[in-house]
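Please read the structure below before turning to the comments.
The values are calculated or read from the model by the stated rules, or taken from the named source; none is laboratory data. This one's a predicted model, so the numbers in the text were calculated from it and none came from an experiment. As a convention, Cβ positions derive from the backbone with ideal geometry for all residues, glycine included, and neighbour counts pool all protein chains shown. In case anyone asks, the SASA skips ligands and DNA or RNA and just uses the protein heavy atoms, side chains included. Shrake-Rupley method; radii C 1.70, N 1.55, O 1.52, S 1.80 Å.
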Number of protein chains: 2
Amino acid sequence: MQFRPYDIITAKRDGRAHTRDEIMFFIDGYTRGDIPDYQVSAWLMACFLNGLNEDETYFLTDAMLHSGSILDLKTIHKPKVDKHSTGGVGDKISLALAPAVAACGVAVPMTSGRGLGFSGGTLDKLESIPGFNVNLSEHEFVQVLKEVGYVMSGQTQTLAPADRKLYALRDVTGTVENLSLITASILSKKIAEGADSIVMDVKSGSGAFMKTLDGSRSLSHSLTQTAEKLGKKLTCIISNMGQPLGRAVGNSLEVIESIECLRGGGPDDVVDLVTILGGHMLKHAGVVESVEGGREMIQDKLRSGEALERFIHSVQRQGGAIEVVEDTERFDRAGSEVSVASQENGYVSSINTEDIGTAAIFVGAGRFTKEDAIDPSAGVNIHKKIGDSVETGEALATLHFNNRSGLERAIALIQDAYEIGKQEPAAFQLVHEVIG
Amino acid sequence: MQFRPYDIITAKRDGRAHTRDEIMFFIDGYTRGDIPDYQVSAWLMACFLNGLNEDETYFLTDAMLHSGSILDLKTIHKPKVDKHSTGGVGDKISLALAPAVAACGVAVPMTSGRGLGFSGGTLDKLESIPGFNVNLSEHEFVQVLKEVGYVMSGQTQTLAPADRKLYALRDVTGTVENLSLITASILSKKIAEGADSIVMDVKSGSGAFMKTLDGSRSLSHSLTQTAEKLGKKLTCIISNMGQPLGRAVGNSLEVIESIECLRGGGPDDVVDLVTILGGHMLKHAGVVESVEGGREMIQDKLRSGEALERFIHSVQRQGGAIEVVEDTERFDRAGSEVSVASQENGYVSSINTEDIGTAAIFVGAGRFTKEDAIDPSAGVNIHKKIGDSVETGEALATLHFNNRSGLERAIALIQDAYEIGKQEPAAFQLVHEVIG
């Protein structure tokens, strides 16, 4: 061996910066199984506490990116732009965004994840469409991308395998919440998907993993700097996760809301964020000159039905039941519902959005452990959002469920999540800022 | 489970202090195999970087102590005092000390270790006596202690098993050199041996793991404070490891030098340290009122042959060949020797003692990896010590070896280890201070 794992661990323990070769050696060794988990977890904790500088973050991302294959999209003769969200509550943006951007002639190769903690996952949402297959091979992934113009699938085993191993280890060793490790994890996966550039929806606020704007800004800088070193254009849109996006939280509920968007309707905030992210993607692709122009183009594709057409094509191509898309009344509905009423008059001044996400898990829309099964029809419908006036006894939200075992906890969480004030609050700002 | 390992890791990661219950849960879980290595190594690194306070160090030591059985020495109706050294070069003190203290009517239950890095190990030294068995069961350990008055053996599997697992993990994850972890490791093992009190030889200087007096002081304070919380009397003698102890470094060479001491001879520094440590042990035991009185008593036992008698009894009882003790000419000798000559006139002003220990390993007296076999006859004879005058061409040390593969490295290390000055240096101070 070129280095000793022990020396890499003690270097970081003592606050020294790693060279590219050291990081390559360590990540390659771990991916191949030559370096055991217990040495890597000690190193991860040393990284967490002593930090990785910009160069080390870049070296780490690059080593993880090259731990597996990188999708070859050369046969797709279009600009290729991907979008990634850091995770939120009611965040169904991808479902309408990807087909709309595809309808503008830009290829969108998108690998998505499962729900994690209080945040939902695109794969779980797609699986509420009966038959929809999110486990595509690399070959199928490229084929669907070619035929439909976009594709959404789970991460294949061959892309960035180091990230899969490292993420699983970080998850159980308390080393997730570190900007450099988060940056390397996100970018290694995303760049391995073969996109030319990436638009990142960096969530901020009570329903995001980054609760503060400062934290979201630091992550955005780390992401854009590292992407630049890797020769990829990346723009971060820091969006406000201070309330759920749209009115639906839960898998089939969110798909139904997305289909409303794809029909030219849907809640304003969802449509706004779809067009903003889409506008940036089209600008990245060189299809438009301004984000504003891109927003209008996306809006057109939603109104014209072209985006919906792409979506139906994708559902069909990945084995899903298009009849539920064509008639959303045919989605399975939860057997019971309970509304949570306001106990005061006033205006909604804030919503603890993580609690809304957790309430949705308590009625079955997510998982507390990896083994939990998801109830696709369960979830929360949000009736009142920030700035809305509300009267005592009026419903704030409605829980949809089949299993009532977590119902009391869910009701209490929603009750506590809402703060009602006497004054009308300042208008909710959907996007805080754009970085990169 | 009462706690989640994850929460224990993140608590230490975030600099929070652990409760006794948390530490008990974590150490018990690890000992039983419920908590995997990769979680414990992340926690160890967090402990290393964020520290453990006095209470946590005590809780950890206590949890490790109670991870296995504690030797029951109630059937031995004598004061029981143990001695431990933090490891040095040429440190054969135990070999003459334990029989001398035993000859004063104090029981010495001593478990020892193997060579570690550049430092030698008592077990390796004892095994240079043909047939000597250092792997006693708990029952045999107590029996030999009863019959001989002292016993030296390897650590049994049942005492402080948590320390064995943790030490092996620390060794490969860069988490050895932490005062709290060192304290817990030493004391959990030592207290499990059932002694009433302990005299600790804390080495300091170039041939010790603690190179600085400040480091040795901090370790001494941590050891005495933790022992006090555990209700054990412990005294630390900070001794100067700035040159090898005595003139012999290497296993049979050191046993031979120890037998010289047991015959009332031997190098002054070895005899001095034996009587100083022995004096403290006898004072702990209540056999004498002053350390000075204890020193004289030990000196008497060395001169009278009573200590040697105990040693011979121990060798016999543990299966060793007493004929080599009675006639040290019968020890196997290394086939070749090479002297390393001074290249200057002057006085020996300093000796890099770690390098001397490493040179001994290069000629076969120690191990670089766990798999290496030891050549008991190999080693170094030190002719010149600090303050000695030396002329160009005069021998500084002689290497004894059978295998010449590491000879060049060994010669270079010894050459480099010696500093020759023009002025006679200040007298070498064998003991820096006594704490506790």
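What angle do you read, to the nearest 10 degrees and between 0 and 90, between the alpha-carbon axis of helix B:268-285 and the longest principal axis of chain B? Helix B:268-285 and the main axis of chain B meet at about 30 degrees.
A DSSP coil position with no more than 15 other Cβ atoms inside 10 Å describes the following GluC sites (Glu not before Pro) in region B:369-436: B:GLU371, B:GLU391, B:GLU394. Note on B:SER290/B:GLU228: beta-carbon distance plugged into 1/(1 + (r/R0)^6) with R0 of 30 Å gives a FRET efficiency of 0.85. Extension gain, B:ASP34 to B:ASP272, is 80.9 nm, computed as 0.36 nm per intervening residue step minus the present C-alpha separation. Couplings for region B:424-430, taken from phi via the Karplus curve 6.51 cos²θ - 1.76 cosθ + 1.60 with θ = phi - 60°, read 6, x, 4, 4, 6, 9, 6 Hz in order; Gly and Pro are left as x. Label sites at A:GLU147 and B:SER304, each approximated as a point 7 angstrom past Cα along Cα to Cβ, lie 9.9 nm apart. Please give the FRET efficiency for A:GLU337 paired with A:GLU419, using the beta carbon to beta carbon distance and R0 = 22 Å, rounded to the nearest 0.05. That pair, A:GLU337 with A:GLU419, gives E of 0.40. Among the trypsin sites (Lys or Arg not before Pro) found in region A:62-118, those both in a DSSP coil and sparsely packed, with 15 or fewer other Cβ atoms within 10 Å of their Cβ, are A:LYS74.
Model label points for B:TYR6 and B:ASP72, set 7 angstrom from Cα along the Cα-to-Cβ axis, are 4.3 nm apart.
For region A:237-390, the Stokes-Einstein estimate of translational diffusion at 37 °C and a viscosity of 0.692 mPa s comes to 188 µm²/s, using the Kirkwood hydrodynamic radius over alpha-carbon pairs.
Here the ratio of the Cα radius of gyration of region B:81-326 to 2.2 N^0.38 Å is 0.93.
Taken about its Cα centre, the protein assembly as shown carries a charge dipole of roughly 400 debye when the Cβ of each Lys and Arg holds +1 and the Cβ of each Asp and Glu holds -1. Label-point spacing at A:THR75 relative to the other copies reads 8.0 nm, in ascending order, each point sitting 7 Å out from Cα along Cα→Cβ. Its Cα centre serving as origin, chain A has a Cβ charge dipole (Lys and Arg +1, Asp and Glu -1) of approximately 840 debye. Rounded to the nearest Hz, the phi-derived 3J(HN,Hα) couplings of region B:75-82 under the Karplus curve 6.51 cos²θ - 1.76 cosθ + 1.60 (θ = phi - 60°) are 6, 9, 8, 9, x, 10, 10, 10, where x marks glycine and proline. For region A:106-208, the relative contact order works out to 30 percent when only alpha carbon pairs closer than 8 Å and six or more residues apart are counted.
With Cα atoms as the point set, region A:104-170 shows a radius of gyration and Dmax of 13.1, 40 Å. Along the charge dipole of the protein assembly as shown, which of B:GLN225, B:VAL249, A:SER69 sits closest to the positive end, that is, farthest toward it, with unit charges on the beta carbon of Lys, Arg, Asp and Glu (+1, +1, -1, -1)? The Cα lying farthest towards the positive end belongs to A:SER69. Simple spin-label estimate for B:SER389 and A:ASP214 gives 6.9 nm between the two label positions (7 Å along the Cα-to-Cβ direction from each Cα).
Between the label point of B:GLY105 and that of the same position in each other copy, find the distances and list them shortest first in nm, with every label point placed 7 Å from Cα along the Cα-to-C-beta direction. Shortest to longest, the spacings are 10.5 nm. Using all pairs of distinct alpha-carbon atoms, the Kirkwood hydrodynamic radius of region B:333-421 works out to 13.0 angstrom.
Partner shielding of A:45-51 amounts to 6, given as the average count of beta-carbon atoms from other chains within 10 Å of each residue beta-carbon. The angle between the Cα long axis of helix B:291-304 and the longest principal axis of the Cα atoms of chain B comes to about 50 degrees, rounded to the nearest 10.
Residues whose amide H lies under 5 Å from that of B:VAL380, counting only those 5 or more places away or on a different chain, are B:VAL249, B:GLY250, B:HIS400; hydrogens are built 1.01 Å from N in the peptide plane. For the peptide B:31-44, the mean number of other protein chain Cβ atoms found within 10 angstrom of a residue's Cβ is 5. What percentage of the solvent-accessible surface of region A:81-326, computed with a 1.4 Å probe over protein heavy atoms, is contributed by carbon and sulfur atoms? C and S fraction of accessible area: 48 percent. Would you compute the Debye intensity of the protein assembly as shown from its alpha-carbon atoms alone, equal scatterers and no solvent, and pass along log10 I(q)/I(0) at q = 0.04, 0.06 Å⁻¹ to two decimals? Taking Cα atoms of the protein assembly as shown as identical point scatterers yields -0.28, -0.56. Only protein heavy atoms count here, probed at 1.4 Å, and on that basis chains B and A bury about 1700 Å² of accessible area in total.
Charge dipole (Cα centre; +1 on Lys/Arg Cβ, -1 on Asp/Glu Cβ; no other charges) of region A:333-421 amounts to roughly 300 debye. For B:GLU296, inter-copy separations between label points set 7 Å beyond Cα along the Cβ vector come to 10.8 nm, shortest first.
With contacts taken as Cα pairs under 8 Å at a separation of at least 6 residues, region A:81-326 carries a relative contact order of 30 percent.
Beta bridges per DSSP, both residues in chain B: antiparallel share near 55 percent.
Relative contact order for chain B: what percent, with Cα pairs under 8 Å and sequence separation of 6 or more? Intermediate values should be presented prior to the final figure.
Numbers: 954 pairs, mean separation 81.0, N = 436.
For chain B, the relative contact order is 19 percent.
Sequence-ordered 3J(HN,Hα) estimates for region A:371-377 from the Karplus curve with 6.51, -1.76 and 1.60 and θ = phi - 60° stand at 7, 4, 8, 8, 9, x, 8 Hz, glycine and proline given as x.
With Kirkwood's inverse mean 1/r over C-alpha pairs for Rh, give me the Rg to Rh ratio of region B:5-51, two decimals please.
On the way: Rg = 9.7 Å, Rh = 10.5 Å.
When Rh is taken as the Kirkwood radius, the ratio is 0.93.
Taking amide H positions as modeled 1.01 Å from N, with prolines and chain starts lacking one, the residues under 5 Å from A:GLU433 and 5 or more places away or on another chain are A:ILE238.
Extension gain for A:ASN135 to A:ARG317 (0.36 nm times residue separation, less C-alpha to C-alpha distance): 64.3 nm. Across chain B, Cα-Cα distances exceeding 41 Å account for 15% of all pairs. Remark: mean inter-chain Cβ contacts per residue of B:166-178 equal 4, using a 10 Å Cβ-Cβ cutoff to other protein chain atoms.
The angle between the Cα long axis of helix B:37-50 and the main principal axis of chain B comes to about 80°, on a 0 to 90 degree scale.
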